[in-house]
1. Kirkwood Rh and Cα-based Rg: tell me the resulting Rg over Rh for the stretch 100-143, rounded to two decimals.
2. Only Cα pairs under 8 Å and at least 6 apart count here; give the relative contact order of the chain as a rounded whole percent.
3. What are the residues whose amide H is under 5 Å from the amide H of L68, where those residues sit 5 or more places off or on another chain and H is modelled from the backbone?
4. Using Cα-Cα distances under 8 Å and only pairs 6 or more residues apart, what relative contact order does the stretch 9-59 have, in percent?
5. Dipole magnitude of the chain about its Cα centre, charges +1 at Lys/Arg Cβ and -1 at Asp/Glu Cβ only, in debye to the nearest 20?
6. Using Stokes-Einstein with the Kirkwood hydrodynamic radius over Cα pairs, what translational diffusion coefficient do you get for the stretch 5-138 at 10 °C and a viscosity of 1.306 mPa s, in µm²/s rounded to a whole number?
7. Label-point separation (nm) for E99 and Q130, each offset 7 Å from Cα along Cα-to-Cβ?
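Rule-based calculations on the coordinates, nothing more; no lab input. Note that the coordinates shown come from a computational prediction; the quantities given were computed from them, not determined experimentally. Here Cβ is always computed from backbone atoms with ideal geometry, including for glycine, and neighbour counts include all displayed protein chains.
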Amino acid sequence: MSPDLGTRPLLLVEDNPVDLDLTLRAFARRHLAYPIVVARDGQEVLDWIPRWEAGEHLPRVILLDVKLPRVNGLEVLRHLREHPVSQHIPVVMLTSSSEERDVEMAYQHHANSYIVKPVNFDKLMEVAAQIDLYWCLTNHPPV
């Protein structure tokens, strides 16, 4: 069964309320044709895995912060890549961390991309536009 891409959400994983609000506003200005689902910590993402195994729509892309409570983003990424249901979901690290160790670990755990969140809202809107254009409209994710 191939779910309609229009029903597949973008999963945004962000614990900082200010960053969450800014990111949601940046995507809202794009007038997305698909829903955005929010997880506020790493454990919330891991709790989705059984739901996906039960047939709930996979996200078209996961935007994953590194610095998260309960389970950090790099550990979440490792778990996602270990599970057959989630191992091929595109994961874009969208984080304020520019630490080389975090970048290296993200790619070692097979992140698809690593983007350092800009502090300027106009630049964040450009990032949202690029994510929308490539990861959500151009890229053809697995079903």
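1. Using only Cα positions, Rg/Rh for the stretch 100-143 is 1.05.
2. 26
3. Distant-sequence amide H within range of L68: G73.
4. That works out to 54 percent.
5. Numbers: 14 positive and 20 negative charges, 59 e Å.
In total the dipole reaches around 280 debye.
6. Values: Rh = 14.7 Å.
Answer, rounded: 108 µm²/s.
7. With each label placed 7 Å out from Cα toward Cβ, I get 2.3 nm.
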